[in-house]
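Below: the structure, in structure tokens.
Bear in mind these aren't lab numbers, they're just calculated from the coordinates by the rules spelled out. What you are looking at is a predicted structure, and each value in this text was computed from that prediction instead of being measured. Every residue, glycine among them, receives a Cβ derived from its backbone with ideal geometry; neighbour counts consider all protein chains shown.
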Amino acid sequence: MKKSAWWLVLTLASWHLAAQSDLAPQDSTALRVKRVTVWAACLPGSGQIMNRQAWKVPVVWGGLGYAVWATADNAREMRASIDDLIAVTDDDPATVPVLTDGAGNFFSEAQLEDRALFYRRNRDLSVLGFLIGHGLQILDANTGAMLRGLDTSDQLSARLGTTWGVPTVHLTWNLTARRHEP
């Protein structure tokens with residue numbers, strides 16, 4: 001208990017000292033990008049909401065929700081296989097296996113081992129899928145915040161073409177001022 005308390009105190013102290021090293025003022029864009037990224041890391045989907053891309057939130061929540069469900073389901077099946085494996089291998093007649101195959105027969109010891117390893121691998125992949133999905137939504141929120149101030153008006157255009165037989169991209173920036181009609 002004392003060791004974990006000291007670990008917590010040292011972690012908080014080092015975090016406080018690291019936060020003090022950045023004393024240079026940041027511009028509003030950098031501050032906004034940082035704020036959106038931290039919000040996205042703490043609450044999945046909030047970065048997309050802050051970037052006014054709310055249509056992405058159900059995709060984020062659905063993907064992360066599926067990963068959580070798959071993790072729980074695979075962990076439950078793995079635990080059931082391990083419990084049945086223990087029931088099959090111990091010499092206690094009071095413990096009986098529960099899992100059966102499609103024909104109603106109990107699984108053998110080798111089948112239960114394979115089943116437990118299968119669900120363990122799938123559980124681990126589901127956790128990895130959750131972490132990758134969470135990281136991608138943080139990255140999406142970060143890049144969305146950085147590109148938010150990018151000018152995407154009609155004055156900018158791009159088209160594909162060729163110059164001397166070489167494929168190129170032609171970028172055009174129209175500098176003429178347009179009058180806005182009321």
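So, in nm, how far is label W55 from label D27 when the simple model puts each one 7 Å beyond its Cα toward the Cβ?
Spacing of the two 7 Å Cα→Cβ label points: 3.0 nm.
Subtract the Cα-Cα distance of R35 and D114 from 0.36 nm times their separation in residues, and report this length gain in nm to one decimal.
Details: separation 79, 0.36 × 79 = 28.44 nm, distance 4.64 nm.
Length gained, R35 through D114: 23.8 nm.
At 7 Å along Cα-to-Cβ for each site, give me the label-to-label distance between L150 and A72 in nm.
3.8 nm
Where does each of 109-118, 164-173 land if you order them by average Cβ count within 10 Å, highest first? Working shown, then result.
On the way: 109-118: 15.4, 164-173: 8.1.
Ranking, from highest mean packing down: 109-118, 164-173.
Just order 126-133, 101-108, 77-84 by mean Cβ neighbour count inside 10 Å, highest at the front, would you? Intermediate values should be presented prior to the final figure.
Numbers: 126-133: 15.9, 101-108: 10.1, 77-84: 18.4.
Highest to lowest by the protection proxy: 77-84, 126-133, 101-108.
What size of dipole, in debye to the nearest 20, comes out for region 59-182 about its Cα centre when the only charges are +1 on Lys and Arg C-beta atoms and -1 on Asp and Glu C-beta atoms? Display every interim value, and only then the final one.
On the way: 10 positive and 16 negative charges, 244 e Å.
Using Cβ point charges on Lys, Arg, Asp and Glu, region 59-182 gives about 1180 debye.
Which of I132, T100, N51 sits closest to the plus end of the dipole of region 27-157, meaning its Cα is farthest towards the positive end, when Lys and Arg get +1 and Asp and Glu get -1 on the C-beta?
Result: N51, furthest along the dipole toward the positive end.
Compute the length gained on full extension between T100 and R121: take 0.36 nm times their separation in residues and subtract their Cα-Cα distance, giving the result in nm to one decimal.
Working: separation 21, 0.36 × 21 = 7.56 nm, distance 2.10 nm.
So the extension gain works out to 5.5 nm.
Given H placed on each backbone N at 1.01 Å, which residues far from F107 in sequence or on other chains put an amide H within less than 5 Å of it?
Residues meeting the amide H criterion: D101.
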